[in-house]
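Below is one structure; the comments refer to it alone.
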């Protein structure tokens, strides 16, 4: 008799734990808010890039500079493109987590956590790349600074 009770399927404790569900729901709501604000900021960044490209092309012509200053707008467009990736992962995590909790859907729960993992992975790789750029800049700037003394 005891052996039969041990073979019964165990209910998924994560989806049945109300405290975990409330924490995930709150985190997903804040994540969705931050993602929406991120999308708005990304739109403003793109708008600024377009304005900057036109303004800097005029400044370049008036100042007769050799470097095309409008290319700074392209840097802002590149930054907006990079910013799009983590914001999208955050938004997908938030929406899927809310749906998973409301519908008790384990597939959506898994997909939401997959997007959260992808967000952290992207941010980790991005951090490593930025640290490498900082180290490279220091390795170049320090010797040049010593030569200019």
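The values are calculated or read from the model by the stated rules, or taken from the named source; none is laboratory data. Fair warning: this is a prediction, and the values are worked out from it, not measured in the lab. Counting neighbours? That spans all protein chains shown, and the Cβs are built from the backbone with ideal geometry, glycine included.
Tabulated results
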| quantity | calculated |
| --- | --- |
| Matching residues in the stretch 75-128 - criterion: being outside any helix (DSSP H, G or I) and free of Cβ contacts under 8 Å to residues at least 40 places away in the same chain | 105 |
| Residue 118 vs. criteria over 17 Å from residue 84 (Cα atoms), touching a helix residue (DSSP H, G or I) at 6+ places or on another chain (Cβ under 6 Å) and modelled with pLDDT of 95 or more | no |
| Residues that are loosely packed, with under 15 Cβ neighbours inside 10 Å and over 17 Å from residue 26 (Cβ atoms), drawn from the stretch 98-124 | 103, 104, 106, 107, 110, 114, 117, 120, 121, 123, 124 |
| Conditions (1) in contact with a helix residue (DSSP H, G or I) (Cβ under 7 Å, 6 or more places away or on another chain); (2) closer than 19 Å to residue 122 by Cα; (3) surrounded by 17 or more Cβ atoms within 10 Å (Cβ to Cβ); number of the one not met by residue 83 | (3) |
| Per-region count, the stretch 59-74, residues in a helix (DSSP H, G or I) and free of Cβ contacts under 8 Å to residues at least 24 places away in the same chain | 7 |
| Residue within the stretch 76-86 that is more than 20 Å from residue 46 (Cα to Cα) and under 20 Å from the mean Cα position of the chain (by Cα) present | no |
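Residue-by-condition table, conditions (1) touching a residue at least 40 places away in the same chain (Cβ under 8 Å); (2) over 24 Å from the mean Cα position of the chain (by Cα); (3) closer than 30 Å to residue 104 by Cα; (4) part of a helix (DSSP H, G or I):
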position	(1), (2), (3), (4)
19	no, yes, yes, yes
22	no, no, yes, yes
25	yes, no, yes, yes
28	yes, no, yes, yes
31	yes, no, yes, yes
36	yes, no, yes, yes
45	no, no, no, yes
57	no, yes, no, yes
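Condition check ((1) modelled with pLDDT under 95; (2) farther than 28 Å from residue 127 by Cα) across all residues:
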{"residue": "38", "(1), (2)": "no, no"}
{"residue": "50", "(1), (2)": "yes, no"}
{"residue": "60", "(1), (2)": "yes, yes"}
{"residue": "66", "(1), (2)": "yes, yes"}
{"residue": "70", "(1), (2)": "yes, no"}
{"residue": "76", "(1), (2)": "yes, no"}
{"residue": "101", "(1), (2)": "yes, yes"}
